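The values are calculated or read from the model by the stated rules, or taken from the named source; none is laboratory data. Remember, predicted model here, so these are calculated numbers, not experimental data. Note: ideal-geometry Cβ built from the backbone for every residue, glycine included; neighbour counts use all protein chains shown. The protein model used for the area step is the full one, side chains on, heavy atoms only, and it has no ligands, DNA or RNA in it. Shrake-Rupley method; radii C 1.70, N 1.55, O 1.52, S 1.80 Å.
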Amino acid sequence: MAGQPKKRNDKIQKMGLASLNHACGEIVKAYMDTNNALSITKDDEEARQVIDTQSNEQFKSESLSKAKLALTKILNKIIRDADDMPISKASQAVVGLANYIRDIQGEPTQRIEVTKKGLSPEQWDQVLTRLPVKDAEVIQDETGQ
């Protein structure tokens, strides 16, 4: 929301916590820049900026190439290290990359098969013609009709 940061800063100011907030902010900023696993390095930031300039088609094409390469490497690793590798980790990676490649290529994520049960009109006609023919019995109601 547009006014939320200002309201938060005003609230911190009124509580007398502005200097503490500033000090904590500086500590967090310094920590995030160098040590945190979630921080982004300068190289990553530059790479992100380059990626942002790509069109969606360029990004998808490049991502597809990288996913195919990763899948090939993982499959080769499975072949080389099959006896020593926990299969659960390898299978998860293969399935994940295969699904990612399928999604990027625009293939369907599900296939639905529709089967009709029952007979077609032509099949019903064949069944009816095979039934034995019996003389029809005329039934009259009480009114004589």
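Observations
- Heavy-atom accessible surface of segment 43-107: percent carbon and sulfur, 1.4 Å: 54
- Chain lengthening between L75 and E142 when straightened (0.36 nm per residue, less Cα-Cα): 15.8 nm
- Kirkwood hydrodynamic radius over Cα pairs of segment 92-137, then Stokes diffusion coefficient at 4 °C and 1.567 mPa s, in µm²/s: 83
- Nearest-0.05 FRET efficiency for K7 and N56, computed from C-beta distance (R0 30 Å): 0.25
- Computed 3J(HN,Hα) for segment 86-94, one whole-Hz value per residue from the Karplus formula 6.51 cos²θ - 1.76 cosθ + 1.60 where θ = phi - 60°, is x, 5, 4, 5, 5, 5, 5, 5, 5, glycine and proline marked x.
- In this simple spin-label model, placing a label point 7 Å from the Cα along the Cα-to-Cβ direction at both E122 and M85 gives a separation of 5.2 nm.
- Other residues with beta-carbon under 15 Å from the beta-carbon of I74 carry, at +1 per Lys or Arg and -1 per Asp or Glu, a net charge of +4.
- Cross-link pairs beyond the 31 Å C-alpha cut-off, checked among K89/K116; K42/K68; K42/K66; K60/K89; K89/K117: K89/K116; K89/K117
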